[in-house]
Amino acid sequence: MTTTEPDAPSTAIRLPRIGEPAPEFTAVTTQGDINFPGDYAGKWVILFSHPADFTPVCTSEFITFAAMQDEFRSYNTELVGLSVDGLYSHIAWLRTIREKISFTGHEDVEVTFPLIEDITMEVATKYGMIMPGEDSTKAVRAVFVIDPAGVVRALLYYPLSLGRNFDELLRMVKALQTADHFEVATPADWRPGDKVIVPTAGSCGTAKDRVTGNDGMECQDWFFCTKEIPAHDVEAAIRAKH
Ligand code: BEZ
């Protein structure tokens, strides 16, 4: 006879999923209190976590985020950081970065986007940023791309030792905005100016015949249709208007 053990309490990590509303929270940050995602209505946001203040990979990432902040802003995208350190640690670390650290030619870097203090790990837990197999007391390098309606549109997770690829973060923002604006999808390694995928597969051409329609759509088969959108049209559509 087999006995059935009562279910153990679930310790499963619940990650916010693509297509779901970003979990709400209020928090203290280096730029004052924030109410998330409400304070960012109408903007795209990159909400990201880092393992700890005063660590080298994180330092290189913060300098890079700060150096690219204006570029993200030019695509209506704000940055919000988080670690499970306290506010005074954040302030001291950011001051040290400005006063002493240079990276890839950037020096005297002031971080002006908010950095959340999360000593209780409440926000990190809500967003599935703590991965105990990697470290149970630090957040991994999580990235959430959140759209102007407060919906999670993409997630990236990196381990502690691996600094993020910032070209990819910016590419993701541009690709998501382009997909929304033109109602298309973006293929592997897409960048503005590359052909986009037209998801209305089958509406032009038939098997094996390569057909180019009047609308510039080219179908190589019923499931693979692309069209050109010049880089300047993409940029005109997605660049924030000031
Ligand atoms: C770093 O940012 O350098 C780092 C942080 C935590 C663990 C390993 C590296």
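The accessible area of GLU24, taken with all protein chains in place and a 1.4 Å probe, comes to roughly 130 Å².
Less than 5 angstrom separates the built amide H of VAL84 from those of ALA139, all sequence-distant by 5 or more or on a different chain.
Under Stokes-Einstein, with the Kirkwood radius over Cα pairs standing in for Rh, what whole-number D in µm²/s applies to region 69-153 at 10 °C and 1.306 mPa s?
Working: Rh = 14.7 Å.
This corresponds to a translational diffusion coefficient of 108 µm²/s.
At a probe radius of 1.4 angstrom, the accessible area of the chain per residue rounds to 53 square angstrom.
Calculated FRET efficiency, ALA188 to ALA67, Cβ-Cβ distance, R0 = 25 Å: about 0.40 to the nearest 0.05. In this simple spin-label approximation, PHE103 and HIS181 carry label points 7 Å from Cα along the Cα→Cβ vector, and these lie 3.0 nm apart. An ellipsoid equivalent to region 81-122, defined through the eigenvalues of its Cα gyration tensor, has semi-axes of 22, 10, 8 Å when rounded to whole angstrom and sorted largest first. Counting only alpha carbon atoms, the long axis of helix 56-73 and the longest principal axis of the chain meet at about 50°.
MET217 sits with roughly 10 Å² accessible to a 1.4 Å probe, with DNA, RNA and ligands left out of the calculation.
Looking at the chain, the DSSP beta bridges with both ends there are about 75 percent antiparallel. Distance distribution P(r), region 1-134, all Cα-Cα pairs, bin width 5 angstrom from 0: 2, 9, 18, 20, 18, 14, 8, 4, 2, 2, 2, 1, 1, 0, 0 percent.
Dividing the Cα radius of gyration by the Kirkwood radius, what Rg/Rh value follows for the chain? Could the numbers behind the result be given before it?
On the way: Rg = 21.3 Å, Rh = 20.0 Å.
Rounded to two decimals, Rg over Rh is 1.06.
Label region 94-143 by shape, choosing from rounded, prolate and oblate, from the square roots a ≥ b ≥ c of the eigenvalues of the Cα gyration tensor; if a/c is under 1.5 it is rounded, and otherwise prolate applies when a/b is larger than b/c, oblate when it is not. In terms of gyration-tensor shape, prolate.
The values are calculated or read from the model by the stated rules, or taken from the named source; none is laboratory data. Values in this document were obtained by computation on a predicted structure and should not be read as measured data. As a convention, Cβ positions derive from the backbone with ideal geometry for all residues, glycine included, and neighbour counts pool all protein chains shown. Accessible surface areas use protein heavy atoms only, side chains included; no ligands, DNA or RNA. Shrake-Rupley method; radii C 1.70, N 1.55, O 1.52, S 1.80 Å.
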